[in-house]
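Q: This structure is in structure tokens; I'll ask about it shortly.
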Amino acid sequence: MILRRNSKIFLQSDVSHRPLFTLVFIILASLLATHSQYIFSKNEFSVRHWPLSRKLIQETILSVVHAADGRLWIATLAGIDRFDGNSFTKYRPHKIEGRFIASSSIVTILESVDGRIFVATKDAGLLVFDETSNSFTSLKWGDNFSTATDRISSAFADRSGALWIGYESG
């Protein structure tokens with residue numbers, strides 16, 4: 001409602017909505033109070049602390065990929081760890097029970113559209129994970145060309161599935 005006094009305009013609020021607002025506020029507050037344990041306690045994630053025997057090869061993380069199959073690939077300064085939700089599998093530059101990666105100078109980890117895991121390295125070229133041998137092998141281009149001698153400085157996988165590799169030499 002608008003009131004005029006001495007050529008000044010005043011707005012006067014209509015107080016008829018206050019009882020309705022108060023009722024709605026009381027209902028919402030009581031619902032929140034009675035159901036807050038259900039609203040705020042639904043945790044979709046759980047946190048587990050891993051003992052030292054299950055920790056990463058090395059604590060400096062260089063790259064992480066959460067693969068389509070659910071596994072987590074973590075590149076560190078000492079190699080790669082693969083986490084399947086229960087345990088870690090370690091891939092180091094020297095053979096340990098058949099698990100091997102040719103370098104620990106990792107630039108990044110990539111997953112292709114078809115689910116293959118690639119590792120770009122500074123001194124061993126582009127590596128691809130081989131499920132059969134449970135290790136990483138150097139990727140070969142054509143008949144005799146290998147990326148093992150090329151120093152990779154960056155790598156990227158686009159949505160179409162193409163791998164883009166940047167080399168120090170251009």
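The values are calculated or read from the model by the stated rules, or taken from the named source; none is laboratory data. Small disclaimer: the values here were computed from a predicted structure and weren't measured. For neighbour counting, all protein chains shown are included, and Cβ atoms are generated from backbone atoms with ideal geometry for every residue, glycine included. For accessibility, only protein heavy atoms count, side chains too; no ligands or nucleic acids. Shrake-Rupley method; radii C 1.70, N 1.55, O 1.52, S 1.80 Å.
Q: Please enumerate the residues belonging to the range 115-136 that are at pLDDT 85 or above and open to solvent by 60 Å² or more (accessible area, probe 1.4 Å).
A: Residues satisfying the conditions are Arg116, Lys122, Glu131, Thr132.
Q: Right, another one. Can you give me the number of residues within the range 61-76 that are within 16 Å of Phe156 (Cα to Cα) and open to solvent by 40 Å² or more (accessible area, probe 1.4 Å)?
A: The qualifying residues number 3.
Q: Any idea how many residues of the range 37-84 are modelled with pLDDT of 65 or more and outside any loop (DSSP other than H, G, I, E, B)?
A: Of the residues in that region, 16 qualify.
Q: Can you tell me how many residues in the range 138-165 are touching a strand residue (DSSP E or B) at 6+ places or on another chain (Cβ under 6 Å) and either at pLDDT 85 or above or exposed (fewer than 11 other Cβ atoms within 10 Å of the Cβ) (or both)?
A: At the first step, the residues of the range 138-165 found to be touching a strand residue (DSSP E or B) at 6+ places or on another chain (Cβ under 6 Å) are 138-140, 146-148, 150, 152-157, 163-165.
Pick out the ones that are also either at pLDDT 85 or above or exposed (fewer than 11 other Cβ atoms within 10 Å of the Cβ) (or both) and you get 152-157, 163-165.
Summing the residues that are touching a strand residue (DSSP E or B) at 6+ places or on another chain (Cβ under 6 Å) and either at pLDDT 85 or above or exposed (fewer than 11 other Cβ atoms within 10 Å of the Cβ) (or both) in the range 138-165 gives 9.
Q: Right, another one. Name the single residue that is farthest from Phe129 (Cα to Cα) among those in the range 86-114 being open to solvent by less than 40 Å² (accessible area, probe 1.4 Å) and modelled with pLDDT of 85 or more.
A: The qualifying residue farthest from Phe129 (Cα to Cα) is Val107.
Q: Could you say which residue among Val128, Val107, Val119 is without any contact (Cβ under 8 Å) to a residue 24 or more places away in the chain and within 18 Å of Ser154 (Cα to Cα)? Can you show your working first?
A: Values: Val107 fails: without any contact (Cβ under 8 Å) to a residue 24 or more places away in the chain; Val119 fails: without any contact (Cβ under 8 Å) to a residue 24 or more places away in the chain.
On inspection, the qualifying residue turns out to be Val128.
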